[in-house]
Amino acid sequence: MRTDIFARLDREPEPPKIETPRMSRHRIALFGGTLAFYLAIVIAVLMSSWLVTLDWKVMLFRPYQQWPEIHAFLDYYVVLGQRGPTAVMVACWLGWRSWRQHTLRPLLTLGASLLLLNVTVGAVKIGLGRLGPHYATQIGSAELFAGGDIFPSGHTANAVVTWGILAYLAATPRARRYLSAMSAIVSLGVGLTTVYLGTHWLSDVLLGWAAGLLILLGLPWVEPLITRAENWIFAARARLGAPGSRPVQPVPVAADTPRPVPVGQPAVDETAARNPAFEPVGAGGRQQAVVAGGRGRAHTPPPVHQNHPARSERTPVTPAGSRRPPHADRTPRGGTAPARPVAGG
C-alpha cells in the first residue's frame, strides 16, 4: 500500500478540470484588431510621426522629477514586470494547480507563452534596435537601428503575459473576470512605471501591451501542441515507470524445475504432455502429488516399457516346490532317515 502524499491525493475528489479556450470569432476579431494596432505603432515610429513627438514631450517632462515621493515605491513595483521573479511566482502557483488537478497543462501553457514572448518580442527588439530615453542622441529622432533593445517594452509585455495567463487558465468565468481585471491593472501600472522612471518611451509601452495581448489571444492555436506534449510526457513516464507503481518483472524459471500443482488436482507429468504415446500409471502406480504448505510437487514414476506389463497387472506365480536348495545330509519331511553308523561299534 502506498503511504506517500500522492496516495492521499488520489483519494480526494478532483477539482473541475481547466476548460481549454477555443479560437472563437470574438477572439479572432480581437486578435485582428490588436495586430492592426501593433502594426500601426510600428509604422508610426518608423515614419517619425506625431507619436515620436509625443515620446519626446513625455521624456522631457521628466515625471520622476515631478513626483519624486513615489519614486521609491515604483522602483519595487516595476519588479512585477521582470521576467525572472514573476515567472517564478506564477510557476509556483500553476505547479500547485498541476499537482492538484493531475495535469501538466498549466505549466506547459506558461512555458509556451514565455517562449513565444521571448521569440516575438526579442526579434522585434533586435531588428529595430531603438535606444532608450536615457541614451537618446538627437531630439525629435526615433532613435531606431542604433543598437538598442527597448522597443517594444519587455517589462510591459511580460506583465501582460505572465499575469494574464492566470486569467487564461481560470477554472470558472467569475475567476476569469477577476483575474483579467487584476492582470490589466498590474500590466498597465508596470508600463506607466517604466515611462515614469524614464527607461522606456511611451510608444514602447503601447507596443508592449499589444505584443503581450497578441500572445494571450493566440494561445488557443498552440493548445494542440500543448496537449501533444503533455501526452508524450505522460507516456514517457509510464515507460520509465513511476516510483511505487513499477511493474513486477516475472522471475525466470529453469526448465527442470517442477511446477506447483494446485490443491485438489492430480499432477500431470511433463513427459506425458510432450509424448502422446506415454500412458500414466493407474491407481496402483507410483505417480502422486505431494502438497506441502499450499504448494504441490509432482513425483513422476520411471518410464514403463511397453513389452513388460506393469507390476499390478502381472499374474502371481506359486512355486511348485521348496525354494531351499537340496542338502545331502537332510531328508525331506515325511521320509525315513538313513541309518547312521554307531560310534564305537
**OP:** Hand me the trypsin sites (Lys or Arg not before Pro) from the stretch 17-56 located in a DSSP loop with no more than 10 other Cβ atoms within 10 Å, in residue order please.
**Re:** R22
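Only Cα pairs under 8 Å and at least 6 apart count here; give the relative contact order of the stretch 120-173 as a rounded whole percent. If you can, show how the numbers build up before the last one.
On the way: 48 pairs, mean separation 19.0, N = 54.
For the stretch 120-173, the relative contact order is 35 percent.
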Original post:
Under a point spin-label approximation (7 Å from Cα along Cα-to-Cβ), what is the V119-L35 distance to one decimal in nm?
Top reply: 1.5
Original post:
If you take the beta carbon distance between N231 and Y77 as r and set R0 to 35 Å, what does 1/(1 + (r/R0)^6) give as a FRET efficiency, to the nearest 0.05?
Top reply: 0.30
**OP:** Quick one: grab the alpha carbon gyration tensor of the stretch 70-218, order the square roots of its eigenvalues as a ≥ b ≥ c, and give me rounded if a/c is under 1.5, else prolate or oblate depending on whether a/b is larger than b/c.
**Re:** prolate
Original post:
Which length gain, in nm to one decimal place, applies between H134 and W67 when the Cα-Cα distance is subtracted from 0.36 nm times their residue separation?
Top reply: 22.3 nm
Original post:
Accessible area per residue of the stretch 179-236 at 1.4 Å probe, in Å²?
Top reply: 39
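If each residue of separation counts as 0.36 nm, what is the full-extension length gain between I28 and L188 once their alpha-carbon separation is subtracted? Walk me through the intermediate numbers first.
Details: separation 160, 0.36 × 160 = 57.60 nm, distance 2.31 nm.
My answer for the length gained is 55.3 nm.
The values are calculated or read from the model by the stated rules, or taken from the named source; none is laboratory data. Everything numeric here is computed off the predicted structure, so don't read it as measured data. Cβ coordinates were reconstructed from backbone atoms using ideal geometry, including for glycine residues, and neighbour counts include every protein chain displayed. Surface areas here come from the heavy atoms of the whole protein model, side chains and all, with no ligands, DNA or RNA. Shrake-Rupley method; radii C 1.70, N 1.55, O 1.52, S 1.80 Å.
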